[in-house]
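*Asks:* The following block contains the structure, expressed as structure tokens.
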Amino acid sequence: MTRRLLLPLPGAEAFAERLALAGGFELGDLATRRFPDGERYVRLGFNPAGREVDIVGELSRADDDRFLTLAFAADALRELGARQVGLIAPYLGYMRQDARFQPGEAITSRTFARLVSGLVDRLVTVDPHLHRFAALSELYTIPAVTLHAAPLIGDWIARDVEAPLVIGPDAESEQWASEVAARADAPFAVLSKQRFGDREVRIMLPDLAAFAGRQPVLIDDIASSGRTLVAASAALQGQGFAPPVCVVVHAIFGGDALARVTQAASRIVSTDTIAHPTNAISVSPLIADALAKATP
Ligand code: R5P
């Protein structure tokens, strides 16, 4: 049987290698450069005819021409006879602007989903930010597999943190904080958050005196500006807790976010859905397993 072929987008080569190793998949090669006028050139380094190919690349900062590279590669794969073209996007971007919060705003989650659904046959991703939409099927018209990093994070906490108290910084995080806590056999609490702008949040804490002396472990799906983790850390320390261990699935850490969170945390850990110096938990076995199940 021909093996599944993984085609990494620029920047995703190391992740695709780990995934290929975990699942026994073949790796394809994509040459890409810019023309003198700045436009993007893409060339497949293999013949995809009759193959099942999965393009691999996280889609953070996707407007930063990653999306066009994906589009060019997906079309080239199809035109040259690939039997099926999938997308493995360990981080799926444009999931947070999922409503029109202010008059006139574009609901970019919908547009992005429509564009991606037109390019590939199926999607595999890890912990997409599902808040106002309950499932990717409400946005994407292609089959979409949603994987969860919670068991891997729970195992990491059980191994590396003594007497943990798992904390979700806001109501949305309850879904993964509770699962992580169950897996780590630890208690958990959920805080509440009010957001006043891209970089302004306020965190409210319940009385956590019953957990005094435990090591707080803040769990969030995304660290972007880092303000959620910083505010939650300050609130926890205000109740006498030690600086938290911060664990995130998707380490975006834009601008000075990493420096801010570093000051507020005793340790920062992330999964490798986005390549980042804080990566300590690999989701490649999780994805490899899902792909193995999907392979006919
Ligand atoms: C919120 O809805 C998410 O779950 C994260 O809490 C949020 O995206 C983190 O953003 P930031 O790092 O900018 O506070």
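*Asks:* Just by accessible area at a 1.4 angstrom probe, what is the order of 75, 185 from largest to smallest?
*Replies:* Highest to lowest solvent-accessible surface, that is 185, 75.
*Asks:* Here is a further query. Could you work out what % of the accessible surface of the chain is carbon and sulfur, using a 1.4 angstrom probe and leaving DNA, RNA and ligands out of the count?
*Replies:* Its accessible area is 51 percent carbon and sulfur atoms.
*Asks:* Lys and Arg at +1, Asp and Glu at -1: add these up for the other residues within a Cβ distance under 12 Å of residue 294 and post the number.
*Replies:* -1
*Asks:* Taking all pairs of different Cα atoms in region 52-93, averaging 1/r and flipping that mean, what Kirkwood radius in angstroms comes out?
*Replies:* Taking every pair of different Cα atoms in region 52-93, averaging 1/r and inverting gives 10.5 Å.
*Asks:* Just to make sure I understand: if all protein chains stay in place, what is the order of 183, 199 by accessible area at 1.4 Å, largest first?
*Replies:* Most to least solvent-accessible, the answer reads 199, 183.
*Asks:* Between region 129-181 and region 1-73, what is the separation of their alpha carbon centroids in Å?
*Replies:* 27 Å
*Asks:* Taking only Cα atoms, what is the 0 to 90° angle, nearest 10, from helix 13-23's long axis to the longest principal axis of the chain?
*Replies:* Value to nearest ten degrees: 90.
*Asks:* Right, here's the next one. Rounded to the nearest 500, what is the chain's calculated 222 nm mean residue ellipticity when only DSSP H runs of at least 4 contribute -39500 (n - 2.57) each, over all residues?
*Replies:* It lands at -9000 deg cm²/dmol.
*Asks:* Write down the accessible area per residue of the chain in Å², having rolled a 1.4 Å probe over the full set of protein chains.
*Replies:* 46 Å²
*Asks:* Next up: Give the angle, between 0 and 90 degrees and rounded to the nearest 10, that separates the Cα long axis of helix 150-160 from the longest principal axis of the Cα atoms of the chain.
*Replies:* Helix 150-160 and the main axis of the chain meet at about 50 degrees.
*Asks:* Between the helical axis of 174-184 and the dominant principal axis of the chain, each derived from Cα atoms, what acute angle in degrees is found, rounded to the nearest 10?
*Replies:* Orientation of helix 174-184: about 80 degrees from the principal axis.
*Asks:* Report the local net charge at residue 251: Lys and Arg +1, Asp and Glu -1, summed over other residues whose C-beta lies under 12 Å from its C-beta.
*Replies:* With Lys, Arg at +1 and Asp, Glu at -1, the neighbours total -4.
*Asks:* Another question, if that's okay. Give the value in nm², to one decimal: projected area of the alpha carbon convex hull of the chain, averaged over all directions.
*Replies:* That works out to 16.4 nm², a quarter of the Cα hull's surface.
*Asks:* Can you tally the net charge around residue 161? Count Lys and Arg as +1, Asp and Glu as -1, for every other residue whose Cβ sits under 13 Å from the Cβ of residue 161.
*Replies:* With Lys, Arg at +1 and Asp, Glu at -1, the net is 0.
The values are calculated or read from the model by the stated rules, or taken from the named source; none is laboratory data. A quick note: this is a predicted structure, and the numbers were derived from the prediction, not measured. So basically every Cβ, Gly included, is an ideal-geometry build from the backbone, and we count neighbours across all protein chains shown. SASA here: full protein model, heavy atoms, side chains in, ligands and nucleic acids out. Shrake-Rupley method; radii C 1.70, N 1.55, O 1.52, S 1.80 Å.
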